[in-house]
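Read through the structure below, which is laid out as structure tokens, and then see the notes.
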Amino acid sequence: MELLRILLRSNRFMAGFWIVTAVLAFALLGPTLLTDVGPFQRVGGLFNPPSRDALLGTDNFGRDVFTQLMYGTRTSLYIGLVAGFVATFIGVTIGTLAGYASGVIEEALMGVTNVLITIPPIVVLILLSVAVDARTATTMGIIIGVTAWPWTARAVRAQTSSLRTREHVAIARISGVGSLEMMLVEILPYMFSYIFMAFILQLTGGILAEATLSMLGLGPFQTVSLGTLLHWSLLWESVRVGAWWAFIPATVFLSITTFSLILMNAGMDEIFNPTLRHTR
Amino acid sequence: MSDGPILAVEGLTRVFGSGRHANLAVDRVDLAIRPGEVVALIGESGSGKTTVARMLLGLLPPTEGTVRYRGVDLDTLRRREGMRSYWRNVQAVFQDPFGSLNAFYSVRRCMLNAFKLFPRRPPRAERIARVREALDIVGLDVDDMLTKHPHQLSGGQRQRVMIARALVVQPGVLIADEPTSMIDASSRAAILNILLDLRTRLGLTVMFITHDIGMAYYTSDRLFIMHLGRIVEEGPADDIIRDPQHEYTKRLLADVPTLSREWIL
């Protein structure tokens, strides 16, 4: 409760929180409240400039950019969430196991992790995306997640191997607490704040990775995402023909979303690391 | 069997690291504790006393040497019955009452944890009864205490909870690693008296691990003086205080403030 109060007083966290909330509202409520056309419905011609009928003009297919932006943000956030969950789950599981086990198991798990870190994730991402046929938003999120966990695993391992030497862990051990329960009950709760922050960073990374892949043409099929919007605007040379409405809005939304998530993260850092707190 | 030591170590050695960075923390330590005895292992920071405690508890494997409980090697015991049976008999209280309790759970949950040591847990009513009894022994207000979380307790209260937790399983030996060094002076005597009281009331064997030779003298029958990983002197508390043999023991005694030297002698 104390933490929550400080959190609510942190300007950074609250600024980030409100922007994220606004973006979420736009993506989730927008389609019902702000528009009456579908994401794939043609409302005009090739790159119509913004007008009363289409607030942000039309794209290369003659579809309403403003509407696409809502659906696109929704998809991007969803992919980011899936990727964030997958990456955080794998990273925390491997990190906790390695940090707690020590010895051969730790060496093996961290060996694999370190090898994966040296491979540029974009290469793995592209190969996986090409290899997987069914490219839905969910599979994309999973693909991004399974390539993003190693950093989280390293950080969590470091925290776990420090936590396992704490006295409460020794007390739990001589109370007969077994290994699985030890990790779940005695060690994980002490990392919740860190894990939550790592999750937000993974979510941010997931949104950006989706944009990267989709711009390369490896995005989800039959779906609008911020990345696919940029993909089509590039393919149809919107920059050269001066159709700024085709790529600026998606870029701005991508930036705002990731910036506000990182802002929230920085705000939480202030809370969990009191030396960074602003004194008033 | 009953005259033999309840807990004994022989040639106990522990090396941390390896190669050029090897650090000999504990060097061929021998010691034996008889049932019902209160002993103290005395040494400064870095003398290896806490490492001995962790090996005695089976939390850290020794590099060499053995720990015997009632004459049975700890490795044999581990293989035969598992460590849980050992921890039903040998329990511990640690130095830091703020770090010993899991901050996320209530006192009741922390204490009920100890019943995991039993292959067949007693029924819940009996478990709660034993938790209440243990809290009562250490002089805590039982009804008030059970639902409290660690951050709602003072250092002295937490350390009492830790002692009560150790008592829940009714062990024969209690290893108290610096049980009072992080508690304010006013609760210190109370904690020590609770621990000493346990011997008379429950016949508990207690091993204190401390840097404070005055406290050790006040509480213990026999003292073991540890310096740079080795036991340099051992014997009845009175003999060591009156007639220290080893240079290090003399230095330790000379370092005790004058006020308490009068109190000791």
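Since every read-out is calculated from the coordinates, none of them should be taken as a lab result. Keep in mind it's a predicted model, so treat the numbers as computed, not measured. Methodologically, a virtual Cβ is constructed for each residue, glycine included, from the backbone with ideal geometry; neighbour enumeration extends over all protein chains shown.
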How much net charge surrounds A:H231 when only the other residues with a Cβ under 12 Å from the Cβ of A:H231 are counted, with Lys and Arg +1 and Asp and Glu -1?
-2
Relative contact order in percent for segment B:1-134 (Cα pairs under 8 Å, 6+ apart) equals 22 percent
Per residue of the protein assembly as shown, what 222 nm ellipticity follows from adding -39500 (n - 2.57) for every DSSP H run with n ≥ 4, rounded to the nearest 500?
-17000 deg cm²/dmol
Between helix A:226-235 and chain A: long-axis angle, C-alpha atoms, 0 to 90°, nearest 10
40 degrees
Name the trypsin sites (Lys or Arg not before Pro) in segment A:3-61 that are in a loop by DSSP and that have at most 14 other C-beta atoms within 10 Å, would you?
A:R52
Find the Cα radius of gyration of the protein assembly as shown, compare it with 2.2 N^0.38 Å by division, and give the number to two decimals.
1.31
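Which FRET efficiency value, to the nearest 0.05, do you get for B:L24 and A:T136 by plugging their Cβ-Cβ distance into 1/(1 + (r/R0)^6) with R0 = 60 Å? Walk me through the numbers before you get to the answer.
Values: r = 60 Å, r/R0 = 1.01.
According to the calculation, E is roughly 0.50.
Could you tell me the relative contact order of chain A? Use alpha-carbon pairs under 8 Å, at least six residues apart, and round to a whole percent.
28 percent
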Over all directions, what mean area does the Cα convex hull of segment B:51-96 project, stated in square nanometres?
3.5 nm²
Would you mind giving the average projected area, over all directions, of the Cα convex hull of chain B in nm² with one decimal?
15.3 nm²
Nearest 10 degrees, 0 to 90: what angle lies between the long axis of helix A:65-101 and the longest principal axis of chain A (Cα atoms)?
20 degrees
Going from the fewest other Cβ atoms within 10 Å to the most, one would list B:E234, B:E81, A:E106 as B:E81, A:E106, B:E234
Give the angle, between 0 and 90 degrees and rounded to the nearest 10, that separates the Cα long axis of helix A:192-215 from the longest principal axis of the Cα atoms of chain A.
30 degrees
Surrounding charge for A:R12, neighbours by C-beta under 10 angstrom, Lys/Arg +1, Asp/Glu -1, total -2
Within 10 Å of each Cβ in A:174-184, the average number of Cβ atoms from other chains
5
